Amino acid sequence: MIFKRTVVILWLLLPLIGFSQRLVVPHSPLLETFLQAEPMGSGLPNVHYNIQPVVLNEDLISKRKELLKTFVLPDSSALHRFSKGHFIDYKKKWFGVEIDPIFHSIGRYGTSSGFTPELIGGLRGNVFLGKNFVGHFSVRGGSFKPVAHLERFMNENNVNPGTGEFNRNGYLTSFFDPSGYISYSPTEKFNVQAGYDKLYMGNGYRSLFLSDNSDQYMFLKLDTKVWRLRYVNVFARFQDIRPGAYRNKLGTFHYLSLNIAKRFTIGLFESIIWQGADSTGVRGFEFNYINPIIFYRPVEFSLNSPDNVVLGFDFRYRIGKNNHLYGQLILDEFLSNEVFKNITARNDTTVQKGFWGNKQGFQVGIKGWNLFWIKDLYYQFEFNWVRPFTYTHVTIEQNYGHNNQPLAHPRGANFMESVNVLRYRKKNWLLEAKFIYANYGLDTNNVSYGGNIYRSYLQRDGEYEHEMIQGLDTKSFLWQVRAEYVLNATWDLRLVGGFSSRVETSSLHRHEELYFFFGISSDLTRPFDDF
């Protein structure tokens, strides 16, 4: 209860105190790619880009500002004054405020969806109080018509991908999406952050630890930097909004990142999800999970706890100056004698293999800048693989999800995926080409094959013979090409255009769609349509 009241009080104070994002300079996903290039290539021991938002020092903030200046339109342009600075920018010695509009107007036309408009508006702002107290807020909302595969997802899950609940207004769907946090740094080594937003842990396009795939949630984050170490503790409140459920659940996360050298970073991750109420009623916060220096699994054993624990390991290794090899390993359950049966008893047909409780996954990828020595050509190739029933739990309320969406990968489990991205910047132009292939198993009838984390693993079929892509073998192919022309790099006003093609096929169905889009946007929220 103390944790809950603390976060609620901090959240209620947000409108009174103001907000800021001195820790993070917000930009579009495409623009952020190039803003990261120099600090990631420098090998600075205090930069941990595997933890978002990134805590920046004054030197990195200054370098980012210099890069942003290269996007300003020339003096001869009639839009020159419009293309510089924040919409509202007021700064004094101890106080500063920055406010920018959110305007997003996109028109799409698809072979399956027809005309699907998207109109979003709002404000985001930053406020600085002295050098130590900062924060950020964003209030956005609007109406849109989803394309075909997103509409199917929304009908099945009752949420808008990447955000949350929505309202049907005839032809259009409306939503409201506020977020924000406050941040206090009493020293350069320690930061406290609280609010209603998302966090991201990992080096990849996806994260198997904690990603921005789900809706926002209330959280309290403690962030400590010592030497080459960065240690993050997160206490969060999630929700189960399935019909008839609507229960709170709580989560806590530890992530220890160590820059062993300029080229090599490793990380240790652990999380635990538990119900806000059990058979005795309101359970509240588990104070045994506050201890910031121990792993939760030993605590769980001592408590005989039924809570859902996930452990992980990740790494990043810099090759040359601009290339980064990275990976993640996730362990939901690990029984070594069951895991290695396929090797130790490969030729023994009497031994049962494919134990359902082998719940693991991994990610491996490589990304970098200046591919083929072409300046500002970014690439990323990534492979994700997660076994059936990973992230699930005997009690659905304790799964690894929030507001009907997974907290990690949007596919949940029982999938393999290849992500391939190219991005290129030329002056004010930002270009992106993306190809994503996924192979996953869908549930059939009343049997859970382990892909949908919102089904209890008690609904499985037997103890053994559970293999990858079990169930309805389904494949999806996604191609996207996107172009942006930056009109104002400070508040991210961009002309946007491109096309997307998606094919999903199985033995029982085939869905195809191709759509083109064009518009103008200053919205920083990335599209959650790439699954």
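Read the figures in this text as sums done on the coordinates, not as results from a lab. Bear in mind that the values here come from a model prediction, so they are computed numbers and not experimental data. With ideal geometry, Cβ positions are generated from the backbone for all residues, glycine too; neighbour counts draw on all protein chains shown.
Structure notes:
- Tensor-based shape of the range 354-414 (alpha-carbon gyration tensor, a/c under 1.5 rounded, otherwise prolate or oblate): oblate
- Karplus (6.51, -1.76, 1.60) ³J(HN,Hα), θ = phi - 60°, over the range 440-445, in Hz, Gly and Pro reported as x: 8, x, 9, 6, 10, 6
- Under Karplus coefficients 6.51, -1.76 and 1.60, residue-wise ³J(HN,Hα) of the range 126-136 in Hz, glycine/proline x: 10, 9, 10, 10, x, 9, 10, 10, 9, x, 7
- Here the range 486-526 has an Rg and Dmax of 15.7, 49 Å, counting Cα atoms alone.
- Length available on full extension from K145 to K321: 0.36 nm per residue minus the Cα-Cα distance, which gives 59.0 nm.
- The stretch between N167 and L67 holds 32.0 nm of extra length on full extension. This uses 0.36 nm per residue minus the Cα-Cα distance.
- Along principal axes, Cα extents of the range 436-531, largest first, whole Å: 58, 26, 18
- Debye equation applied to the C-alpha atoms of the range 409-485, log10 I(q)/I(0) at 0.22, 0.24 Å⁻¹: -0.94, -1.05
- Alpha-carbon spread of the range 305-445, three principal axes, descending order, Å: 60, 40, 32
- Computed FRET value (nearest 0.05) for L458 with S336, which takes r as the C-beta separation and R₀ as 22 Å: 0.40
- The stretch between F115 and E156 holds 12.6 nm of extra length on full extension. This uses 0.36 nm per residue minus the Cα-Cα distance.
- The range 88-158-the range 229-274 distance, computed between alpha-carbon centres (Å): 25 Å
- FRET efficiency, 1/(1 + (r/R0)^6) with R0 51 Å, evaluated for D529 and H86 via beta carbons: 0.95
- When the square roots of the Cα gyration tensor eigenvalues are ordered a ≥ b ≥ c, the ratio a/c for the range 119-274 is 1.5 or more and a/b exceeds b/c, which makes its shape prolate.
- Pairs of C-alpha atoms in the range 104-156 farther apart than 13 Å represent 70 percent of all such pairs.
- Three-way shape call for the range 171-229 based on the alpha-carbon gyration tensor, with the a/c threshold at 1.5: oblate
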